[in-house]
Amino acid sequence: MLDNAIDNLLDDRKGQVLETAPGAPVALRCETRSAAGSVSQRACVFCGSRVVLYPIADALHLVHGPAGCAAYTWDIRGALSSGPALHRHSFTTDLRETDVIYGGAAKLEQALRALIASHDPKAAFVYSTCIVGLIGDDVDAVCRRVAADCGIPVIPVDSEGFKGTKKDGYKAACDALGKLIGTSGDPGVPPAPARSVAGINILGEFNLAGEAWLIRDTYARMGVPVVATLTGDARVDTVRRAHTARFNVVQCSGSMLGLAAMMEEKYGQPYRRVSYFGLEDMAQALYDVADLFAGADPGMPARAAALVGAEMARVLPLLEPFRRDLQGARAAIYVGGAFKAHSLIKALRHLGMGTVLVGSQTGNKEDYQRLQQLCDPGTIILDDANPAELSRFVLEKRADLLIGGVKERPIAYKLGLAFCDHNHERKIPLAGFEGMVNFAREVHGSVTSPVWKFSARRHA
Ligand code: SF4
């Protein structure tokens, strides 16, 4: 018999977990450092920086630190490129004991010059890791010297792993992007209203499995050019030109809202939060952009409505067989950003499924209030969870499926539970209208797999 898992939390975790009840949402403690001893599912600051910058495919990404930090490679987090693939290399200065004692700056400079000479990148990012923060290498000075000699931007990323949460890593990455944006020499776009559409930037879309291509194609069908995707399938030159777009749309709000706010202030580019997951949110993302451009192109809202209507008519019948089998199944969701969790709850409803647990690594107060409004009473909502909590709540709420990422997969499989990767390792795009069909197929395939009848959980 399970104990009531919510009564058995670590004391320091109690404000970050709740069970929804009828009535007004209550405040969940969030955006704090992980509780000591909790073994958080969150990654470190360096990891947060790298996931944001890594998809820039023609840049050099050099991890200044021990080789172990650089183990987080392209092969763990896919980031597809339609051209160059320099980002797939995992370069590191491989700091050793003697470097810790005598300093690693000389090694960094040597590595940077050698790598730039051999790979001819358009820019270089240098990621500081924990040990660099401790020994105090002057990374900025090295980057300045190498940039002046080699004639490309060499940008330090202040991502020492210990200095905050993964969200601080996102901020360090956005600061680095901010140094590139606006350096192409192109004039910015005059503020709306104006006659030309001028295009958008998509912020927080990392093209893990080709989503950026799907989304760009859909916007192109509406008549909206995409100037830059930050950072899925990005190039240094498109990032430098990002200040020429009229608007920003922000998909992964946890990582990129800060950059969107900076670009609004510096370049006069208003932004909207959007999600491309699930049918309603994908449709809304198209309507929102059409509204933004309605002044410059009055026919765009009608084109967006026609496109959404055609896609809904195509996709809804494809979902029906999956829905028949999945009706009444229960899902648990644990993802990086809470905005994605909102979309997943709605997408699961299209498949006849309820959500019994939902949590995120980086949600904010408004995200969690919205989650409470979206979820049925009795749903567990949790911020910055650990494996023990996820395991116990998943069992207590009798979930049939866990949706998560690379760190949640083993939890599901150890419990004998269906799993859908909605993060780093997936190879199939789950965004857009076609992505919803892929999502339904994945969920159906895992939940209805005969393998689960051999699960120890089922026989417990
Ligand atoms: S926590 Fe520090 S040592 Fe560990 S991977 Fe992150 S930067 Fe490297």
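The values are calculated or read from the model by the stated rules, or taken from the named source; none is laboratory data. Model, not experiment: these values are computed from the prediction. Heads up, the Cβs are rebuilt from the backbone with ideal geometry, glycines too, and the neighbour counts pull from every protein chain shown. Each accessible area value is taken on the protein alone, full model and side chains, heavy atoms only, with ligands, DNA and RNA left out. Shrake-Rupley method; radii C 1.70, N 1.55, O 1.52, S 1.80 Å.
The table for this structure:
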| read-out | value |
| --- | --- |
| Among residues of segment 127-165, those that are more than 20 Å from Tyr102 (Cα to Cα), open to solvent by less than 60 Å² (accessible area, probe 1.4 Å) and more than 10 Å from the ligand (Cβ to nearest atom), counted | 11 |
| Unmet criterion (only one of (1) within 15 Å of the ligand (Cβ to nearest atom); (2) outside any helix (DSSP H, G or I); (3) modelled with pLDDT of 90 or more) for Cys30 | (1) |
| Qualifying positions in segment 47-69 - aliphatic (A, V, I, L, M) and not in a helix (DSSP H, G or I) | Ile56, Ala57, Ala59, Leu60, Leu62, Val63 |
| Pair list, Cβ < 7 Å and 6+ apart or interchain, from segment 124-151 residues that are within 17 Å of Asp175 (Cα to Cα) to residues that are open to solvent by 50 Å² or more (accessible area, probe 1.4 Å) | Ser128/Asp158 |
| Search result, residues across segment 30-69 that are open to solvent by 10 Å² or more (accessible area, probe 1.4 Å) and of a type in the set (Lys, Arg) | Arg33, Arg42 |
| Answer residue from segment 381-392, given it is out of contact with any Ser or Thr (no Cβ under 9 Å at 6 or more places or on another chain) and surrounded by fewer than 24 Cβ atoms within 10 Å (Cβ to Cβ) and is farthest from Gly337 (Cα to Cα) among those | Arg392 |
| Residue in segment 34-46 that is within 11 Å of the ligand (Cβ to nearest atom) and in a helix (DSSP H, G or I) present | yes |
| Residue satisfying condition, being at pLDDT 95 or above and surrounded by fewer than 24 Cβ atoms within 10 Å (Cβ to Cβ), within set Ile345, Ile333 | Ile345 |
| Helices (runs of 4 or more DSSP H) enclosed by segment 405-460 - at least 2 residues per element that are open to solvent by 30 Å² or more (accessible area, probe 1.4 Å) and at pLDDT 95 or above | 432-447 |
| Any chance Gly309 is surrounded by fewer than 18 Cβ atoms within 10 Å (Cβ to Cβ) and at pLDDT 95 or above | yes |
| Leu112 farther than 24 Å from Ala234 by Cβ and open to solvent by less than 10 Å² (accessible area, probe 1.4 Å) | no |
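For (1) in contact with a His (Cβ under 8 Å, 6 or more places away or on another chain); (2) assigned to a loop (DSSP other than H, G, I, E, B); (3) among the basic types (Lys, Arg); (4) under 20 Å from Ile381 (Cβ atoms), each residue gets a yes or a no:
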position	(1), (2), (3), (4)
Leu292	no, no, no, no
Gly295	no, yes, no, no
Leu319	yes, no, no, no
Asp325	yes, no, no, no
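Residues are listed down the side, and each one gets a yes or a no for (1) in contact with an Asp or Glu (Cβ under 9 Å, 6 or more places away or on another chain); (2) within 12 Å of the ligand (Cβ to nearest atom); (3) without any contact (Cβ under 8 Å) to a residue 12 or more places away in the chain:
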{"residue": "Pro55", "(1), (2), (3)": "yes, no, no"}
{"residue": "Ala59", "(1), (2), (3)": "no, no, no"}
{"residue": "Leu62", "(1), (2), (3)": "no, no, no"}
{"residue": "Ala79", "(1), (2), (3)": "yes, no, no"}
{"residue": "Pro84", "(1), (2), (3)": "yes, no, no"}
{"residue": "His87", "(1), (2), (3)": "yes, no, no"}
{"residue": "Tyr102", "(1), (2), (3)": "no, no, yes"}
{"residue": "Ala105", "(1), (2), (3)": "yes, no, no"}
{"residue": "His119", "(1), (2), (3)": "no, no, no"}
